[in-house]
Each structure stands twice: as C-alpha cells, then as structure tokens.
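A.B. asks: A single structure is presented below for examination.
The values are calculated or read from the model by the stated rules, or taken from the named source; none is laboratory data. The structure displayed is predicted, hence computed values, not measured ones. Because the Cβ atoms are built from the backbone with ideal geometry, glycine has one as well, and the counts that use them run over all protein chains shown. For accessibility, only protein heavy atoms count, side chains too; no ligands or nucleic acids. Shrake-Rupley method; radii C 1.70, N 1.55, O 1.52, S 1.80 Å.
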There are 2 protein chains.
Amino acid sequence: MPGEPRSLLHAKRKRTVDAIVETVIYLYTESRRLTKERARAYGLTGPQLTVISILSQLGDLSLSSLSERIKAQNSTVTGIIDRMEREGLVRRERSDEDRRIVLIRLTDKGQTLAREVALEPMEIFRTALDGIPRRDIDELFRVLDLVQARVRELVGETDHEATPKEE
Amino acid sequence: MPGEPRSLLHAKRKRTVDAIVETVIYLYTESRRLTKERARAYGLTGPQLTVISILSQLGDLSLSSLSERIKAQNSTVTGIIDRMEREGLVRRERSDEDRRIVLIRLTDKGQTLAREVALEPMEIFRTALDGIPRRDIDELFRVLDLVQARVRELVGETDHEATPKEE
DNA sequence: GGGCATTCTTTCGTGTGCGAAATATTCGCA
DNA sequence: TGCGAATATTTCGCACACGAAAGAATGCCC
C-alpha cells in the first residue's frame, strides 16, 4: 500500500478524540462538584446526599446493595454509613432472616431531609440533556453505546471475576 | 393545548437519559480503574502514573500548572508530589525567576519509568474510540459538545470565581 | 453434627481529594 | 521606599476510596 496522508488524518482524529475524552471528564467532574455544592446547603457531603436519595427511593437496603448502587467498595460505604449514623440520618439494623446482613434505614430526620432535596445522581448533566433535541439524544445514546460495548470487549468483561466465559 | 401522551414520551426519554448517564459514569470509572491497575504493575498509584506521563511529555512544570492538567486542587497535588519525592521519582526545584514557584522535575528514576509506560489519561476509553467509525466519532463529538455548552450555560460558567460577568 | 467454603460486614493502612487558613514571595503604586 | 493586594504553595482537618485481612454468620456436605 502506497503512502497516504495518514498522519494528517490521524492528527485530526486525535484532536477529536481528545476533545471527547475531555468532555466526558468535564461532565463527570462538574456533576460531582454540583452535587457536593448542593449537599453542603444541607450540611451533607456528596455521597451522603446520594445515599439519602437512594434509600428514600428504594427503601431499606443492605450495605452491599447500597455499595453496588453507588459503585463503591463495601469498606468505603461502611465509613459513609458510620458518619451518617453518627449524625442520626440512618440506623443500622441486623436482618432477621440472615443475621450477616446489615440493613440501612433512614431515620425520621433522614426522611425529612430526603423530601427536601430529591436529587438525581449527575443532576446537571441530566438537566443539560433536557435541553437537547430528541434526535441528538438518540444519536448520543447510539454512539456511546457502541463505545461502551467496545470497552467491555477490550476489558474482557467477565465482571472482573465472575462467570469465566464459556462459549 | 390539548392533552398529549406526554408522560409516555417522557418515560422513554428518561430511560435514554438514564442510559447515557450510566454510560458516562461507566466509561469514566472504568478508565480510572484500568489506569490504577496498570500503575500497580510499576509500584505506582493512578495519579502518580499520570503525573509521570505528563511531566515526561511536557517537561518541568510548576505545581499549579500540574494541578490544572490533572484537574485537582493544589493541596491535593502537594500531597501526591510529597509521596513521589519520597520515592525518588521527582524533585522540587524553586524557580529562579519567581521564587514563589516550585518546579516539579522528573529524576532519572522517574524518566526511566516514563519511558516504560507512556500512558495517556483515560487510555482504554481512547482505545475504544479507535474502533469506532469516523462518522460516529464526529457525531459523538458534536452532540457531547452541545451538552457541554448547555452545562456551562446552566452553571453560570464565570469560572466559579473569575471575571464577574459584565455585559 | 461438625467442619469448611461462602457470604456479608468491618477494620486497618495508605492514598487521594477538597476547602480554609497560613506562609512566602512578588507586584503595583502611592 | 514601603506597604497592601495578588499569586504560589503548603498545612490542616476531614471525608472518601480502595484492597487485604479479620470477624461474624450461613450453608453445604460428608
């Protein structure tokens, strides 16, 4: 194959890719920052506000299901719940069916707060998407989904542990 | 305006938005996880590897420009550099022109490591984008850019402090 | 029925990550 | 000159965040 202006094409594409990566980072970090700012108004931290909003929507949850929801390790969530319990926002309650499980439950104080805030994760990001035409949203979804599939493929995606792939 | 099946449209749209948000979170956190995993192989943490790769590409940087690059506060980067200095990966050097400035410089050990790794931030994400057709990449860029603009608009975007808006 | 793998949570050590206050240096300007 | 505002970095206190190991309870299976 003869020489082509390949590097030029690559250069342009690299700029686009850089911009996309930058944008994703921006959206993610800005959303986090805003959640935090919003939480501060109620004397909470970002993760604490998220926990309150999840418990309020889904009811009592075991510590591990909570961890799964907020995509953090159990050991991290233990700490978050410790501090929230100290503040009287949640209570730990041992499950009766399986006494290994700790159920996290909102106290009255926690529920009152929940009603005041009603926050979605990544809220500004969502709000921004509201201002975008339907067709563009669909396009965004379509391509992001392609990218995600590709990442999962590259990563191996056996859940980093679970089911060893058998085909 | 007469009644429309508005809630149905909203429901569908909400699902799409949820999926988009989920995907962005996935891409961001998975990229971070991979960087960290990769760093471990060299006895480094994620941020440390990022610092090495940036310094290696751009040469010596002041602490603040480094903070800007990795989008973290100065106080955070101070800590990262402390530990890297302890490990003999970088040196602090007071600038001669402006003695307020601390220049961060890779040691020989740091440079050797840099040559071994050569990592881009959010690397898998980038790699995944490589497998996506040009037209889709352009679409993704176009719409994400719209979203970003909308977020900036919503946030006020006076740099959270800088130039008080005067129009 | 007793032990052993499994599951759920906590503990521990270390490393970010932030914001406010302290410190050091430079710059503008009266 | 000399002093107060501005800039660059560090210190401090706190809250995540993770992984490895310990602790507690369950379930399986001989």
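A.B. asks: Name the residue, out of A:115, A:69, that is out of contact with any Pro (no Cβ under 6 Å at 6 or more places or on another chain) and closer than 30 Å to residue B:146 by Cβ.
C.D. replies: Numbers: A:115 fails: closer than 30 Å to residue B:146 by Cβ.
Among A:115, A:69, only A:69 is out of contact with any Pro (no Cβ under 6 Å at 6 or more places or on another chain) and closer than 30 Å to residue B:146 by Cβ.
A.B. asks: Among the residues of region B:102-137, how many are over 30 Å from residue A:152 (Cβ atoms), assigned to a loop (DSSP other than H, G, I, E, B) and of a type in the set (Gly, Ala, Ser)?
C.D. replies: 0
A.B. asks: So is residue A:30 exposed (fewer than 14 other Cβ atoms within 10 Å of the Cβ), acidic (Asp, Glu) and outside the structural domain of residue A:144 (by TED's automatic domain parsing) or not?
C.D. replies: Working: exposed (fewer than 14 other Cβ atoms within 10 Å of the Cβ): no; acidic (Asp, Glu): yes; outside the structural domain of residue A:144 (by TED's automatic domain parsing): yes.
No, not satisfied.
A.B. asks: Can you give me the ranges of the helices (runs of 4 or more DSSP H) entirely in region B:10-90 with at least 2 residues that are touching a residue at least 60 places away in the same chain (Cβ under 8 Å) and of a type in the set (Ser, Thr, Tyr)?
C.D. replies: Hits in region B:10-90: B:46-58.
A.B. asks: Given the structure, is residue B:99 part of a strand (DSSP E or B) and farther than 18 Å from residue B:122 by Cβ? Before the answer, list the steps.
C.D. replies: Values: part of a strand (DSSP E or B): no; farther than 18 Å from residue B:122 by Cβ: yes.
Criteria not met by residue B:99.
A.B. asks: Residue B:36 - would you say it is modelled with pLDDT under 80, more than 15 Å from residue A:147 (Cβ to Cβ) and more than 7 Å from chain A (Cβ to nearest Cβ)?
C.D. replies: Details: modelled with pLDDT under 80: no; more than 15 Å from residue A:147 (Cβ to Cβ): yes; more than 7 Å from chain A (Cβ to nearest Cβ): yes.
No: the conditions fail for residue B:36.
A.B. asks: Continuing with the same structure: So residue A:116 fits all but one of (1) within 16 Å of DNA strand D (Cβ to nearest atom); (2) in contact (Cβ under 8 Å) with a residue 40 or more places away in the chain; (3) within 22 Å of residue A:34 (Cα to Cα); what number is the exception?
C.D. replies: Single failed check for residue A:116: (1).
A.B. asks: On to the next question. Any residue in region B:97-112 that's in contact (Cβ under 8 Å) with a residue 24 or more places away in the chain: show its pairings with residues that are more than 16 Å from DNA strand D (Cβ to nearest atom) at Cβ separation under 6 Å, as long as the two are six or more apart or on different chains.
C.D. replies: What qualifies is B:110/B:52.
A.B. asks: Are any residues in region B:104-161 polar (S, T, N, Q) and open to solvent by 40 Å² or more (accessible area, probe 1.4 Å), and if so, which ones?
C.D. replies: Quick first cut of region B:104-161, residues polar (S, T, N, Q) only: B:107, B:111-112, B:127, B:148, B:158.
Residues satisfying the conditions are B:111, B:112, B:127, B:158.
A.B. asks: Which one is farthest from the other protein chains (Cβ to nearest Cβ) among residues in region A:71-113 that are small (Gly, Ala, Ser) and more than 10 Å from DNA strand D (Cβ to nearest atom)? Steps first, please.
C.D. replies: Restricting attention to region A:71-113, the residues satisfying the condition of being small (Gly, Ala, Ser) are A:72, A:75, A:79, A:88, A:95, A:110.
Applying the additional criterion that residues be more than 10 Å from DNA strand D (Cβ to nearest atom) yields A:88, A:110.
Numbers: A:88: 30, A:110: 24 Å.
Per the stated criteria, the residue is A:88.
A.B. asks: Given the conditions (1) at pLDDT 85 or above; (2) outside any helix (DSSP H, G or I), report the number of the one that residue B:1 does not fulfil.
C.D. replies: Among (1) at pLDDT 85 or above; (2) outside any helix (DSSP H, G or I), residue B:1 violates only (1).
A.B. asks: Next question. Quick one: count up the residues across region B:37-57 that are over 16 Å from the mean Cα position of the chain (by Cα), open to solvent by 20 Å² or more (accessible area, probe 1.4 Å) and closer than 14 Å to residue B:110 by Cβ.
C.D. replies: Qualifying residue count, region B:37-57: 3.
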